[in-house]
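The values are calculated or read from the model by the stated rules, or taken from the named source; none is laboratory data. Only a predicted model underlies this, so the values are computations on that prediction, with no experimental measurement involved. Virtual Cβ from ideal backbone geometry, glycine too; neighbours counted across all protein chains shown. Ligands, DNA and RNA are excluded from the accessible area calculation, which covers all protein heavy atoms including side chains. Shrake-Rupley method; radii C 1.70, N 1.55, O 1.52, S 1.80 Å.
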Amino acid sequence: MTRSGFLPTIAEPLAPLHSIVAWPPEVLDTWMRRQQERLNVRGFGLPHLNLRAPFQTPLRSKELVAAFRAELKDETQFDVQIKGWKRLPSVIFLECQMDDKLRDLHRRLLSIGPSSHAPYDGAEYRPHLTLGLGILPWAADDLWNEVQHLTPPLTSFTVTALSLTREVGGEVQELHTFPLEDFPPEEG
């Protein structure tokens, strides 16, 4: 069974996983990676905020870039508020505030396709930066107790660009960057 839940034929290779992400500013990225190293945990790739969870699509890279470029052409920069630490089974992350801007942008990015949708997209979407993924049950409580005392260096950050990524051999590669306008369009 493939990641999207479909059985491939013998000759059908697995489609790569793509995502749309925002990279946190350097100070937060560096802090997150230092904490991961100190705590001996990892997320998937470098710290990032998924605006669209990993998905598969039959679209080629050029078509996918064009579709996202069309959707994001008038998109403006936006702020992300950091709420605090959150724990789910086998995962600890820095939760970000869901607001109307993030909800709308996520909904619009989900419309690009055809593509698979992750179970935690749509109504289950929760913006976050993963600190640790695949945490073993025997380590989870001790790690959670330590993480709760960590204070991120920022309480918010501005997203100035979004990136289309692709997973290749367990590595996340950036395919294209979509800069966001630095001011809202004039009205009237």
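The table below gives the values:
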| quantity | calculated |
| --- | --- |
| Among (1) open to solvent by less than 40 Å² (accessible area, probe 1.4 Å); (2) on the phi < 0 side of the Ramachandran plot; (3) not polar (S, T, N, Q), the one test that ARG69 misses | (1) |
| Criterion violated by TRP31 - all others in (1) in contact (Cβ under 8 Å) with a residue 24 or more places away in the chain; (2) over 14 Å from the mean Cα position of the chain (by Cα); (3) in a strand (DSSP E or B) satisfied | (3) |
| Which numbered condition ALA118 misses (of (1) open to solvent by 20 Å² or more (accessible area, probe 1.4 Å); (2) touching a strand residue (DSSP E or B) at 6+ places or on another chain (Cβ under 6 Å); (3) hydrophobic (A, V, I, L, M, F, W, C)) | (1) |
| Residue among GLU146, GLU171, GLU181, GLU124 that is of a type in the set (D, E, K, R), open to solvent by 60 Å² or more (accessible area, probe 1.4 Å) and free of Cβ contacts under 8 Å to residues at least 40 places away in the same chain | GLU124 |
| Count of residues meeting criterion [touching a residue at least 12 places away in the same chain (Cβ under 8 Å) and assigned to a loop (DSSP other than H, G, I, E, B)] in the stretch 105-121 | 10 |
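To keep it simple, each residue is scored yes or no on (1) buried (at least 16 other Cβ atoms within 10 Å of the Cβ); (2) within 13 Å of LEU133 (Cβ to Cβ); (3) in contact with a Cys (Cβ under 6 Å, 6 or more places away or on another chain).
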| position | (1), (2), (3) |
| --- | --- |
| ARG33 | no, no, no |
| GLN36 | yes, yes, no |
| VAL41 | yes, yes, no |
| GLU63 | no, no, no |
| ASP79 | no, no, no |
| LYS83 | no, no, no |
| LEU88 | no, yes, no |
| LYS101 | no, no, no |
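Quick grid of which residues meet (1) of a type in the set (Val, Ile, Thr); (2) modelled with pLDDT of 95 or more:
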| residue | (1), (2) |
| --- | --- |
| ILE20 | yes, yes |
| VAL27 | yes, yes |
| LEU39 | no, yes |
| ALA53 | no, no |
| LEU64 | no, yes |
| GLN77 | no, yes |
| GLY84 | no, yes |
| LEU109 | no, yes |
